[in-house]
Amino acid sequence: MATVNYAEISDAVREASRMKSFPLAVKFLKSADAFPEKTRAPARDLGKRITICQAVSMVRLYGWTVGLTKEDLICVPAMIAFGFSGAEDIGGTLGELFCTVGFHAEAASAADEAENMCTLENGAYPAILMAPLSKGLFEPDTVAFYGNAAQIMRLAQAAVHACGKRIAGSFGGKVECTEYLIAPFQTAAPRIAIPGLGDRIFSMTQDDELVLSIPGSLLLPMYESLTVVGKKIGARYPVPSYLNYQPEFPPMYGEMADRLKLF
């Protein structure tokens, strides 16, 4: 991946899909010492703790490079899921929280949902680095693309062309940062995610936005596929309307046409 032109890929994907925000590159790190120069650390540089999804929006909307450690975060469920909490039982602790706040009525079902989410072990990656893909600051573990349903459809076509498999997704309406950041990294496969409640409250994610996330290893193949997938039938975004047909009108229009001898 060292020879990959990330700026070229980012620009090409944005041009092909007309997406409004920057493609997001993510790296899970063993130490904040690996953060590039000029990385913004929210606690140090903004004087406040933030959510992970806020950091995502700072990157994809502002173009910032953001580095996160435990000291920068305030979202309790995400801190548990990303391994920043020290909780001995990550799934059980998340499940307990889901019940406490009313997302589940039964502890068993809450624990089952949490256990089926993609999470990181405590302390496995004490630092998370995010930057616009175009900056090419690092080889990404995950790359995330935000767009409307039609834009994500087009990128999904390219991802499927590249990997040869349909794309999975898992949705529960909460802590969806695990789905679009951790899941592609852990599974080495693309995912489609519906941003959750926190994304909409804290990171200004819009009602029409979905996320396609891919493992970094799929970036170049997907980019190459985007130039050819569906080309034979004119597949592109915006999706062109089919206009080569003769419309039909209600009978009264035909009656008037007969009177006027229009056809």
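No lab work stands behind these numbers, since they all come straight from the coordinates. Keep in mind the model is a prediction, meaning the values are calculated, not measured. Note: ideal-geometry Cβ built from the backbone for every residue, glycine included; neighbour counts use all protein chains shown.
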TODO: Taking the Cβ of residue 73 as the centre, find all other residues whose Cβ is under 12 Å away and add up their charges (Lys, Arg: +1; Asp, Glu: -1).
DONE: +1
Open item on the list: What would the Debye equation give as log₁₀ I(q)/I(0) for the chain at q = 0.13 Å⁻¹, counting only Cα atoms as equal point scatterers?
Closed with: -0.82
Task: Within the stretch 130-190, trypsin sites (Lys or Arg not before Pro) in DSSP loop having at most 12 other beta-carbon neighbours inside 10 Å - done: 165, 166
Task: Net charge, residue 130 excluded, C-beta distance under 12 Å - Lys, Arg +1, Asp, Glu -1 - done: +2
Open item on the list: Restricting to DSSP loop positions (anything but H, G, I, E, B) with no more than 16 other Cβ atoms inside 10 Å of their own Cβ, which GluC sites (Glu not before Pro) remain in the stretch 21-109?
Closed with: 37, 88, 106
TODO: Rank the residues 76, 56 as a footprinting-exposure proxy: fewest other Cβ atoms within 10 Å of their Cβ go first.
DONE: 76, 56
Task: Loop chymotrypsin sites (Phe, Trp or Tyr not before Pro), the stretch 199-262 (other Cβ atoms within 10 Å of the site Cβ: 11 or fewer; DSSP) - done: 242, 245
Open item on the list: Run the numbers for residue 45 and residue 249: contour at 0.36 nm per residue of separation, minus the present Cα-Cα distance, in nm.
Closed with: 67.1 nm
Open item on the list: Looking at the chain only, what percent of DSSP beta bridges run antiparallel? Nearest 5 please.
Closed with: 90
Open item on the list: To make sure I understand the rule: partners must be aspartates and glutamates, Cα under 16 Å from the Cα of residue 174, and not fewer than 8 residues away in the same chain. Which ones qualify?
Closed with: 96, 112, 113, 115, 199, 207, 209
